[in-house]
Amino acid sequence: MKLNLTKVTNGCRLGKIKNLGRTGDHTMDIPGCLLYTRTGAAPHLTHHTLRNIHGLPAMAQLTLSSLAEHHEALAEYKEGVGKFIGMPESLLYCSLHDPVSPCPAGYITNKVLQKSVIIGVIEGGDVMEERLRSARETAKRPVGGFLLDGFQGNLMTLETGLHLLSSVTAELPEDKPRLICGVSRPDEVLKCIERGVDLFESFFPYQVTERGCALTFSFDFQPNPEETLLQQNGTEEEIKYLDQTKKIKTTDCTQEMTSFEINLKEKKYQEDFDPLVRGCSCYCCKNHTRAYIHHLLVTNELLAGVLLMMHNFEHYFGFFHSIREALRSDRLAQLKELILRQ
Ligand SMILES: [Zn+2]
């Protein structure tokens with residue numbers, strides 16, 4: 001695994017991770033995200049449907065607990081985890097915990113992982129001294145990259161987390177990727193990128209899907225003026241609407257609705273024959289309307305989750321593409337302003 005940085009501007013890193021995978025011929029762009037999976041499967045999607053999503057990350061995330069559960073079957077199967085879960089060509093990143101589920105206690109060692117690149121975990125809670133000690137000690141070890149752990153919103157305030165992050169990443173070698181767990185919201189992602197973080201988990205679009213919502217935020221930082229006017233009108237209307245709905249909670253694993261999404265369960269979408277996002281090239285937006293998704297949701301059709309997941313993943317991966325484009329053209333400030341405004 002080798003990191004090539006092509007540009008570093010005000011702490012934001014743009015580049016490629018090369019020599020990934022067993023054969024060493026995979027690459028991954030940074031800033032980027034991993035493909036979120038539940039026990040090795042992209043939520044709601046078959047392998048075939050997953051391939052229809054544009055901008056799919058090269059690396060999928062699965063949890064150690066799900067691997068451990070099938071440890072014996074995998075040992076017997078002998079053809080590797082990737083093939084077993086139907087993603088033979090995907091790179092796999094194995095995390096200790098599922099970011100959406102509560103953490104189980106205790107760690108498990110597993111022979112399946114012995115040939116893998118080890119990512120060093122940086123701990124230390126909200127104590128600066130401990131964080132720095134952890135960063136310095138981990139940097140001395142033969143690790144392929146670093147995982148910034150414990151920065152989730154419910155463990156510390158964003159302000160404390162960001163302050164710690166800047167100091168921690170300053171201690172890490174430039175030439176290894178930094179992954180953060182528990183941060184996936186678009187506005188928080190941008191703040192972490194400014195503090196030298198390269199890789200993120202993509203559980204946010206899954207949470208959005210689970211509450212019957214669609215990502216609609218704009219990440220087009222260089223739009224043409226006519227379209228902007230149209231989009232702004234749309235956004236204002238949706239913001240007004242959001243005030244009434246932001247307290248909606250659906251299932252346990254989801255959190256409060258954010259300003260980056262719309263709730264398709266609401267009656268106002270019953271006769272809305274627009275796609276989820278105008279101009280979106282995903283399968284859902286090309287073939288279906290908001291009204292149809294609303295209908296699927298209120299009748300509890302499983303297809304709602306499939307279509308929303310396809311759109312939400314594609315929208316989210318498009319956001320990361322846009323971040324890299326903005327970094328390349330020195331316009332990250334414009335993108336950030338646009339995201340924070342929403
Ligand atoms: Zn779409």
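The values are calculated or read from the model by the stated rules, or taken from the named source; none is laboratory data. Only a predicted model underlies this, so the values are computations on that prediction, with no experimental measurement involved. Every residue, glycine as well, gets a Cβ built from its backbone with ideal geometry; the counts of neighbours run over all protein chains shown. Each accessible area value is taken on the protein alone, full model and side chains, heavy atoms only, with ligands, DNA and RNA left out. Shrake-Rupley method; radii C 1.70, N 1.55, O 1.52, S 1.80 Å.
Charge tally around CYS33: other residues with Cβ under 11 Å, Lys/Arg +1 each, Asp/Glu -1 each, net -3.
Quick one: net charge around LEU164, please, counting Lys, Arg +1 and Asp, Glu -1 for every other residue with C-beta under 15 Å from its C-beta. Local net charge: -3. Listed by chain and number, the aspartates and glutamates placed with their C-alpha closer than 15 angstrom to that of LYS16 are ASP25, ASP29, GLU174, ASP175, ASP198, GLU325; residues fewer than eight positions away on the same chain are left out.
Contact order for the chain, expressed relative to its length and based on alpha carbon pairs under 8 Å spaced 6+ residues apart, stands at 19 percent. Looking at the chain, the accessible area is 50 square angstrom per residue; that uses a 1.4 Å probe and ignores ligands, DNA and RNA. If every alpha-carbon in the chain counts as one equal scatterer, what log10 I(q)/I(0) does Debye give at q = 0.09, 0.10, 0.12, 0.14 1/Å? Ignoring solvent entirely, the Cα scatterers give -0.49, -0.61, -0.89, -1.22.
Centre-to-centre, using Cα atoms only, the stretch 254-307 and the stretch 29-47 are separated by 21 Å. Protein heavy-atom surface of the chain, 1.4 angstrom probe: 51% of the accessible area is carbon and sulfur, with nucleic acids and ligands not counted. Treating r as the C-beta distance of ALA170 and LEU56 and R0 as 22 Å, the FRET efficiency rounds to 0.10. What do you get for the angle between helix 128-140 and the principal long axis of the chain? Use alpha-carbon atoms, 0 to 90 degrees, nearest ten. Value to nearest ten degrees: 60.
Per-residue ellipticity at 222 nm from helix content only, as computed over the chain with -39500 (n - 2.57) for each DSSP H run of at least four residues, stands at -11500 deg cm²/dmol. The angle separating the long axis of helix 332-341 from the principal Cα axis of greatest extent in the chain is about 50 degrees. Sketch the reach of a paramagnetic label on ARG136 as a point 7 Å from Cα along Cα-to-Cβ, and name the residues of the stretch 166-209 whose backbone nitrogen lies under 19 Å away. Output list for this probe position: 166-174. Springs between Cα atoms under 10 Å define the GNM used for the chain, and in it the highest mean-square fluctuation of GLU79, GLU171, GLU325 occurs at GLU79.
Placing +1 on the Cβ of every Lys and Arg and -1 on the Cβ of every Asp and Glu, with nothing else charged, gives the chain a dipole about its Cα centre of roughly 780 debye.
Over 26 Å apart at the Cα level, from the set LYS7/LYS336; LYS265/LYS336; LYS18/LYS286; LYS140/LYS336; LYS18/LYS83; LYS7/LYS191, are LYS265/LYS336; LYS18/LYS286; LYS140/LYS336. Considering only the other residues whose Cβ falls under 12 Å of the Cβ of LYS286, what net charge follows from Lys and Arg at +1 and Asp and Glu at -1? For residues surrounding LYS286, the net value is 0. Comparing MET257, MET87, MET310 in a Gaussian network model of the chain, where Cα atoms under 10 Å apart are tied by springs, the biggest mean-square fluctuation is seen for MET87. Between the beta carbons of VAL117 and ARG328, assuming R0 = 22 Å, the FRET efficiency works out to 0.20 to the nearest 0.05. Note on the chain: GNM, Cα springs under 10 Å; of TYR36, TYR316, TYR269, the largest mean-square fluctuation is that of TYR269.
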